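Q: Here you go, one structure.
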């Protein structure tokens with residue numbers, strides 16, 4: 001009697017690889033951003049939101065694409081947070097200077 005072979009089992013990726021790679025990357029990028037654009041202590045706490053996005057990538061029930069999106073965008077935002085904040089402060093300062101005059 002001839003039996004058909006069963007298909008090979010689906011290869012599953014370990015869920016923890018993406019957060020394990022991107023967590024240290026996010027911390028290094030946040031540190032590099034603080035070195036290149038130093039912010040006062042109260043303003044530097046805003047980097048916790050992007051780092052929280054990377055921390056959310058550790059939730060085991062998420063799909064791989066959602067986990068990748070959280071980790072990569074959180075790391076990118078952690079690096080550019082200070083630069084965007086300083087650009088906003090400069091634009092507001094210029095707008096106030098133009099409005100009030102000198």
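Every number in this text was worked out from the coordinates using simple rules, so none of it is lab data. Bear in mind that the values here come from a model prediction, so they are computed numbers and not experimental data. Note that we place each Cβ from the backbone using ideal geometry, even for glycine, and neighbour counts take in every protein chain shown.
Q: Quick one: if the Förster radius is 35 Å, what FRET efficiency do residue 25 and residue 91 give, using the C-beta to C-beta distance and rounding to 0.05?
A: 0.75
Q: May I pose another question? Select one label from (i) -0.54, -0.77; (ii) -0.60, -0.87; (iii) -0.49, -0.75: the one whose number is log10 I(q)/I(0) by the Debye sum over Cα atoms at q = 0.11, 0.16 Å⁻¹ as derived from the coordinates shown.
A: Evaluating log10 I(q)/I(0) by the Debye sum over Cα atoms at q = 0.11, 0.16 Å⁻¹ on these atoms matches (iii).
Q: Hey, what number do you get for the chain at 222 nm if only DSSP H runs of n ≥ 4 count, each worth -39500 (n - 2.57), divided across all residues, to the nearest 500?
A: -23000 deg cm²/dmol
Q: I would also like to ask the following. Given 0.36 nm per residue, what is the gain on full extension from residue 34 to residue 99 after removing their alpha carbon distance, in nm?
A: This chain segment gains 20.3 nm when fully extended.
Q: Moving on to the next point. Mean separation of Cα pairs under 8 Å and 6+ residues apart, divided by the residue count of the range 17-100: what relative contact order is that in percent?
A: 41 percent.
Q: Roughly what angle does helix 17-36 make with the longest principal axis of the chain, taking Cα atoms, 0 to 90 degrees, to the nearest 10?
A: Once rounded, one gets 10 degrees.
Q: Right, something else. Roughly what angle does helix 64-100 make with the longest principal axis of the chain, taking Cα atoms, 0 to 90 degrees, to the nearest 10?
A: Compared with the principal axis, the helix lies near 10 degrees.
Q: Which order, highest average first, do 64-70, 95-101 follow once you tally other Cβ atoms within 10 Å for each residue and take the mean per peptide?
A: Per-residue mean Cβ counts within 10 Å order the peptides as 64-70, 95-101.
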